[in-house]
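Undergrad: Below is a structure I'd like to ask you about.
The values are calculated or read from the model by the stated rules, or taken from the named source; none is laboratory data. Remember, predicted model here, so these are calculated numbers, not experimental data. Here the Cβ positions follow ideal geometry from the backbone for every residue, glycine too, while neighbour counts run over all protein chains shown.
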Amino acid sequence: MIFQGYIFEDKNLKNTIFTTPIISPFLRLIANSILRTTGWSIEGQLPDIPKFILVGAPHTSNWDFLLFLGAIFHLKANVKFMGKAELFRNPFGWFFYWCGGIPVDRKKSQGLVEQMVDACNRSDKFILTIAPEGTRHHVTEWKRGFYHIAKNAEIPMVMAIVDGKKKALRVGQVFNLTDNMEEDIKAVQGFFSGMTGINPRKKYITLKD
């Protein structure tokens, strides 16, 4: 169906690459082997709660995608991500749905948060991965969409911290939002203080509406 200018299909939010029999265990084996070979480790576990935003940072390299993908397989999680609506059109749209994608039109100024909240409400389990920096390039601000999604859906955030110096991805720290957005975002950013990511360059972060 069409939701406020966006494409949204319930049937495509259930079975993904992370839950497909035979294929997902095979890919998990490959992912774990690659992590060991490259010297990366996954520290911690995801909490046993049905719905949350998985906040990944710092995002400094194209390799972040492969690292997070390997971590998801390692953790046996079933996650969703937001992608440009154009990716979900024929003939290859099925692939991005299968990978856990939720299509959004980034050109629209309204509706993205509402769509993600709607997707969350329609699901029994919902883990949405978001890199709040929005790009691997140097940024001075975080976008706040991730916060508004979590707040409106009334779900917590869970941290996925990339420690490039120690080649570790730390997961599992839970943050429950309060009614003070400014303090909440500062607290979440505090989890990532001092981290440089895969690309060893410091990101100085302020806030952006």
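Undergrad: Have a look at F18, F8 and point out the one that is at pLDDT 60 or above, aromatic (F, W, Y), closer than 21 Å to W98 by Cβ and surrounded by 12 or more Cβ atoms within 10 Å (Cβ to Cβ).
TA: Exactly one residue qualifies, and that residue is F18.
Undergrad: Pick out the one residue from F92, F52, F96, F81 that is closer than 25 Å to G190 by Cβ and either in contact with a Phe, Trp or Tyr (Cβ under 6 Å, 6 or more places away or on another chain) or surrounded by fewer than 20 Cβ atoms within 10 Å (Cβ to Cβ) (or both).
TA: Selected residue: F81, the only one of F92, F52, F96, F81 that is closer than 25 Å to G190 by Cβ and either in contact with a Phe, Trp or Tyr (Cβ under 6 Å, 6 or more places away or on another chain) or surrounded by fewer than 20 Cβ atoms within 10 Å (Cβ to Cβ) (or both).
Undergrad: Within the range 64-88, restricting attention to residues that are over 13 Å from the mean Cα position of the chain (by Cα) and among the basic types (K, R), which residue is modelled with the lowest pLDDT?
TA: Within the range 64-88, the match that is modelled with the lowest pLDDT is K84.
Undergrad: When both residues are 6+ apart or on different chains and their Cβ atoms are under 9 Å apart, which pairs have a first residue that lies in the range 173-202 and is closer than 20 Å to P47 by Cα, and a second that is surrounded by 12 or more Cβ atoms within 10 Å (Cβ to Cβ) and polar (S, T, N, Q)?
TA: F191/Q173
Undergrad: Name every residue in the range 55-68 that is part of a helix (DSSP H, G or I) and crowded, with 18+ Cβ neighbours inside 10 Å, in order of residue number.
TA: Scanning the range 55-68 gives D64, L67, F68.
Undergrad: Quickly run through the range 32-49 and pick out the residues that are surrounded by 15 or more Cβ atoms within 10 Å (Cβ to Cβ), touching a His at 6+ places or on another chain (Cβ under 7 Å) and more than 20 Å from I127 (Cα to Cα).
TA: L35, the sole residue that qualifies.
Undergrad: Something else now. Need at least 1 residues that are modelled with pLDDT under 90 and among the charged types (D, E, K, R) per element, so show me which helices (runs of 4 or more DSSP H) inside the range 89-160 make the cut, counting only ones lying wholly within it.
TA: So the answer is 112-121.
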